[in-house]
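Working notes, structure below.
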Amino acid sequence: MKKILILIVVLPLISFAQSVKGTFSPAEDFTYAFLYKATPESAHYVNRGQLDSLGSFEIPLDESVTPGIYKIVYATPPEENNFDFIYDGKETVVFDFSFEKGIKFTQSEENKLWASYLKSIDMVNQTISNYYSKENNDKKGFTAIFKTLKDTQTAYEELAKDKLVFSFIKANRPYIPTQYEDISTYSNNLKQHYLSQVNFSDNLLQSSSYLVDRVSAYVFNMVANPSEDTYKQHIDDVAAAISNDDLRIKTSLLETLWHRFVTVENYNIANYITDSHLLELAKASNNKVLENMLTSFKNTSIGSKAPNFEINLKDDQKTSLHQLEGAENYLLIFWSSSCSHCLSELPKVKAMVANKPNLKVVAFGLEDNTRNWEKEKENYPDFIHQIGLEKWENPIVETYGISATPMYFLLNSDKIFISKPQGFEELEVLLKDL
């Protein structure tokens, strides 16, 4: 009987030999820690841990939790409030986290080694920066600094042998000159070397945030005050560094850059990525969602001419968006007579534009049938109306990238996009200045 009891006690300890433990501070700012297994394609939920009054949690890891890259999500939105870590399948991972200090691993050789490596390399890079900032031509000092850099890299690669973290330390190998170089030569060589050591095919790197961080640093931080031509060259360099055999990761990284430029409203560079690389990649991978998103965004980018469509006027007369005349600006509204938000906002739009003779409203109704639309449009006799039957299946929906109604676009007299207000509040502010 005693032997059976011992087995009952010991087996759970064998099944859950490792865990992920953490302490978040201040404790009152956090509730749960969610654990995900990261893959090159996505992240898969594993488990969650509820934080106690001290901000601590623990998630047991059984044999189903295999070695690889894992992610802790600690707040919403999850894509902005998370961090990666390495789990080797053998050691418990313990960390402390705060918004002020970030992540500090207190247990886990893999993660502590990576943190130590980054700190050591950063210290040597600071020494290099100080050396060049003083316009130093001391060649002995130069040699000593880069010997330290080489020794540091070599030592950490030795320590990382047979560990998962080796992939990251190898990918991060710095450029090390073999003889004295002035700042200009060193900077050029550093730039050319920056992506050369990265194995974009490595599954661990693809599963982590490393590749996104590395590529983003190259595009945005390699040159101070980059011009649009510089951005274009950097984007081309990134595309060239990744083999077409890695179509998925190449597409993913260039899409990430595209989103970055869209976010900062640099539409010229976003569309350059589309035209030069990303649209072709989307087609090659048969990614229709990405292809349609890129196309519709380019179609409606600020500074682009609005895609044309036919407009049926009264008495069977026809015209088109491009043929409209007589206004300095045109407000294009995509709406639907079955959309409650539209029926709430359109009367307000009508009131706002009533005293703006140089602004015309073009209302494109996305409808399943004409009945309700015919009735509702009579409330807006001064609007220019056009119906788009088949509603969300109407071709104009894809052309303009319409994902919800109402959606607003402001055009100038040449039908060039000058603004895309995100909702009625932004539209209200915009129209006050017209």
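The values are calculated or read from the model by the stated rules, or taken from the named source; none is laboratory data. These numbers come from a predicted model, not from an experiment. Note: ideal-geometry Cβ built from the backbone for every residue, glycine included; neighbour counts use all protein chains shown. The area values use the complete protein model at the heavy-atom level, side chains included, leaving out ligands, DNA and RNA. Shrake-Rupley method; radii C 1.70, N 1.55, O 1.52, S 1.80 Å.
Could you check, for region 35-52, whether at least one of its residues is on the phi > 0 side of the Ramachandran plot, buried (at least 16 other Cβ atoms within 10 Å of the Cβ) and at pLDDT 95 or above? Checking region 35-52: not a single residue is on the phi > 0 side of the Ramachandran plot, buried (at least 16 other Cβ atoms within 10 Å of the Cβ) and at pLDDT 95 or above.
Hey, does region 96-110 have a residue that's assigned to a helix (DSSP H, G or I), open to solvent by less than 30 Å² (accessible area, probe 1.4 Å) and under 19 Å from ALA160 (Cα atoms)? So far as region 96-110 goes, yes, one or more of its residues are assigned to a helix (DSSP H, G or I), open to solvent by less than 30 Å² (accessible area, probe 1.4 Å) and under 19 Å from ALA160 (Cα atoms).
Flag set for LYS348, criterion: of a type in the set (Lys, Arg) and within 22 Å of MET407 (Cβ to Cβ).
Restricted to helices (runs of 4 or more DSSP H) entirely inside region 175-269, those with at least 1 residues that are small (Gly, Ala, Ser) and under 27 Å from GLU80 (Cβ atoms) are 203-207, 210-221, 228-241, 247-263.
Scanning region 415-426 for residues that are over 20 Å from LYS305 (Cα atoms) and touching a residue at least 24 places away in the same chain (Cβ under 8 Å) returns a single hit, PHE424. Within the set THR295, THR274, THR263, the sole residue that is surrounded by 20 or more Cβ atoms within 10 Å (Cβ to Cβ) and either more than 20 Å from GLN206 (Cα to Cα) or touching an Asp or Glu at 6+ places or on another chain (Cβ under 7 Å) (or both) turns out to be THR274.
In region 365-402, of all residues being under 35 Å from the mean Cα position of the chain (by Cα) and among the charged types (D, E, K, R), the one that is least open to solvent (accessible area, probe 1.4 Å) corresponds to GLU367. Restricting attention to region 151-182 and to residues that are over 22 Å from MET222 (Cβ atoms) and among the basic types (Lys, Arg), the residue that is most open to solvent (accessible area, probe 1.4 Å) turns out to be LYS161.
Of all residues in region 234-246, those satisfying the criterion of being surrounded by fewer than 16 Cβ atoms within 10 Å (Cβ to Cβ) and either touching a Phe, Trp or Tyr at 6+ places or on another chain (Cβ under 8 Å) or not small (Gly, Ala, Ser) (or both) are ASP236, SER243, ASN244, ASP245. Count of region 72-95 residues, restricted to those that are open to solvent by less than 60 Å² (accessible area, probe 1.4 Å) and closer than 19 Å to GLN18 by Cα, is 12.
Looking across region 54-71 at every residue that is touching an Asp or Glu at 6+ places or on another chain (Cβ under 8 Å) and part of a strand (DSSP E or B), the one that is most open to solvent (accessible area, probe 1.4 Å) is identified as LYS71.
With respect to PHE424, is the statement that it is under 35 Å from the mean Cα position of the chain (by Cα) and under 21 Å from LYS298 (Cα atoms) true? Spelling it out, it is not the case that PHE424 is under 35 Å from the mean Cα position of the chain (by Cα) and under 21 Å from LYS298 (Cα atoms).
Flag set for ASN286, criterion: out of contact with any Ser or Thr (no Cβ under 6 Å at 6 or more places or on another chain) and either of a type outside the set (A, V, I, L, M) or outside any helix (DSSP H, G or I) (or both). Applying the condition of being modelled with pLDDT under 95 and part of a loop (DSSP other than H, G, I, E, B) to region 302-321 and asking which residue is farthest from the chain's Cα centre (by Cα) yields GLN317. Any residue at all in region 346-360 that's under 26 Å from ASN268 (Cα atoms) and open to solvent by less than 80 Å² (accessible area, probe 1.4 Å)? Checking region 346-360: not a single residue is under 26 Å from ASN268 (Cα atoms) and open to solvent by less than 80 Å² (accessible area, probe 1.4 Å).
Results for (1) of a type in the set (Lys, Arg); (2) touching a residue at least 40 places away in the same chain (Cβ under 8 Å), shown as yes or no for each residue.
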site: ILE169; (1), (2): no, yes
site: PRO174; (1), (2): no, yes
site: ASN188; (1), (2): no, no
site: LYS191; (1), (2): yes, no
site: ASN199; (1), (2): no, no
site: ASN203; (1), (2): no, yes
site: ILE242; (1), (2): no, yes
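All but one of (1) under 19 Å from LEU254 (Cβ atoms); (2) open to solvent by less than 20 Å² (accessible area, probe 1.4 Å) hold for TYR231; which doesn't? Of (1) under 19 Å from LEU254 (Cβ atoms); (2) open to solvent by less than 20 Å² (accessible area, probe 1.4 Å), only one is false for TYR231: (2). Taken over region 23-53, the criterion of being among the small types (Gly, Ala, Ser), touching a residue at least 60 places away in the same chain (Cβ under 8 Å) and part of a strand (DSSP E or B) is satisfied by ALA38 alone.
All of (1) under 25 Å from LEU389 (Cβ atoms); (2) open to solvent by less than 70 Å² (accessible area, probe 1.4 Å) hold for ALA282 with one exception: (1).
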